[in-house]
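The values are calculated or read from the model by the stated rules, or taken from the named source; none is laboratory data. Model, not experiment: these values are computed from the prediction. Methodologically, a virtual Cβ is constructed for each residue, glycine included, from the backbone with ideal geometry; neighbour enumeration extends over all protein chains shown. Side chains included, ligands, DNA and RNA excluded: accessible areas come from the protein's heavy atoms. Shrake-Rupley method; radii C 1.70, N 1.55, O 1.52, S 1.80 Å.
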Amino acid sequence: MAECGRKALSLLEAARSRYESLQISDDVFGESGDDSSDNPFYSTSGDSDSDNYIAEVGEEEQQHHKKRDSGHGVGGGGSGSCGAGPPGSLSRSQAEEDGWTEALQDFTVPPYKDTYGPAQKMPATATALDFFQLFVPDNCIQNMVTQTNMYAKKFQERFGSDEGWCPVTAQEMKAFLGFVTSTSVHRCESVLSIWSSGFFSNRTIALKMSQARFEKILKYFHIVAFRPSQGSNQGLYKIQPFLDSLQQSFGCTFRPSQTQVLHEPLIDEDPVFITTCTERELRKRKKRKFSLWVRQCTSTGFICQISVHLKEGQGTDGLATLKNKPQLHSLVAKQLCQNISGKNTIIFTGPSITSLSLFTEFSKQDIYCCGLLSTRKSDCTGLPQDMLVCSSTPAQRGQSRVMMKGSMSLISWYNKGHFRFLTNAYPPTKQGLIIKRKSGEIPCPLAVEAFAAHLSYICKYDDKYSKYFIFHKPNKTWQQVFWLSISIAINNAYILYKMSDAYAVKRYSRAQFGERLVRELLDLDDCSPTQ
């Protein structure tokens, strides 16, 4: 037993040293006040999040190949011959003519042309509200006050006066934000539970505003009161100015590391409901009418940029007119990366974004990529067909094949299933290791190890992020996007707090930071960082 423990420890130490060489920092999104001493990026346990992320694609690939095998009369599951490749893929002769070769060459990605970390130094006395207002400053809150009062006036002119209404003030608007934000801390289903006599009641903060006054502000709350004369077809016109301001503040306050990821974060409206409801209840649940994509720093979890796409109706930038998913996701990726060209950034992508044409276009902008490839979800145009179908010869665990075109590598790696990666960020001549407690060391190309290591940190971040999602569930899509954006801003604020001198004064956990922010928004006493 002791020998097994020593072996697991040695594997963990080996993993740590390799992840340090990949330049992944320690977890700054720790649950406790102290930084985590465990490796947060690639678990050596059997249920690693990054393994699950890759395994989902692997299982889909194997099931897809089995269906195709049965259709062609071939047995043997995923290791059998899979017939023709996906649409747009090249035959062997076409691939050779196009420049694909099995002769591997080494290359080096140029050094990062930007600094990494917070863009401004916050004082040790900075409060949770100070960090939050880096993204939602007073002028932004004052705009909410102005637009809400304008909407209330216009509404009453059209539908009759509301005797219970009086214009909202900036102090009340801060309190309003604090009340709704409190649902992410106490995880109550309704913000109105604060004034109830039930389990989620909170008399301490309920005294700051009456329930009737809160409901009046909630009724008239607006970011943009009226549809603009120009660009009136934009489905998110009621929230777009706030999103633009928020994204600008993200870029001004933090400079991400060289490695970043493009993905859809975990944004379930009610994580507790999702995990406890029956399958029938889940099917009946109303689906969100929008999708959110982000560009996220893999060293800290800081979300650098967001892109919102409406699934129904008319959206911005022509996204709603695109029915082809790879084409849509390619355009989203370009939007998310428009501010990082020329910096030698390394981007990790999922199967829906990964494509040769996109990666080639990014390489011209000094953006390097490493993406997981799926023959079902990815655009496989221009890729060698031989690398995308299963070989008739059974593969051994850890075995890999590589073909190159210039500095672009297409990797087929076997680990209880075939996994394919497209990259120009890691040379195929360099080898890595997947280190697991049960299986030991599994050889792989360095690109595979880097992808697994960085993506597992993002999985860890998303798991924690879902705990602090604002539970308030409005019906209007623009309000759902707004509160989701506020949640992202609070998480980003916490990351900056943990990287500042204020963290040395009082080490708040994420939950404690949220509680402090609520109290400061409500202007309650004892809000200093040392309390």
- prompt: Quick one: net charge of K208's neighbours, Cβ under 11 Å, K/R +1, D/E -1?
  reply: +2
message: I'd like the accessible area for L192: 1.4 Å probe, protein heavy atoms, all chains in place, Å² to the nearest 10.
response: 60
field: Area accessible to solvent at K377, 1.4 Å probe radius, in Å²
entry: 100
- prompt: V109 versus T146, label points 7 Å from Cα toward the beta carbon: distance in nm?
  reply: 4.3
task: Pop a pseudo-label 7 angstrom from the Cα along the beta-carbon direction at both S91 and A119 and give the gap in nm to one decimal.
output: 5.3
task: Any chance you could look up the accessible area of T115 with a 1.4 Å probe, heavy atoms only, rounded to 10 Å²?
output: 80
statement: Per the 1/(1 + (r/R0)^6) rule, R0 = 45 Å and r from the Cβ atoms of S196 and Q365, FRET efficiency to 0.05 is 0.25
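Apply 1/(1 + (r/R0)^6) to the Cβ-Cβ distance of D244 and D98, taking R0 = 41 Å, and write down the FRET efficiency to the nearest 0.05. Mind showing how you got there, number by number?
Working: r = 41 Å, r/R0 = 1.00.
Step by step, r from the Cβ atoms, then E = 0.50.
From largest accessible area down, sort C444, C459, C252; use a 1.4 Å probe on the protein chains.
If we order C444, C459, C252 from most to least accessible, we get C252, C459, C444.
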R288 versus D463: modelled label distance in nm, points set 7 Å from Cα along the beta carbon direction: 2.0
query: Listed here are the pairs K325/K476; K436/K460; K364/K405; K154/K311; K289/K498; which of them are more than 23 Å apart at the Cα?
result: K325/K476; K154/K311; K289/K498
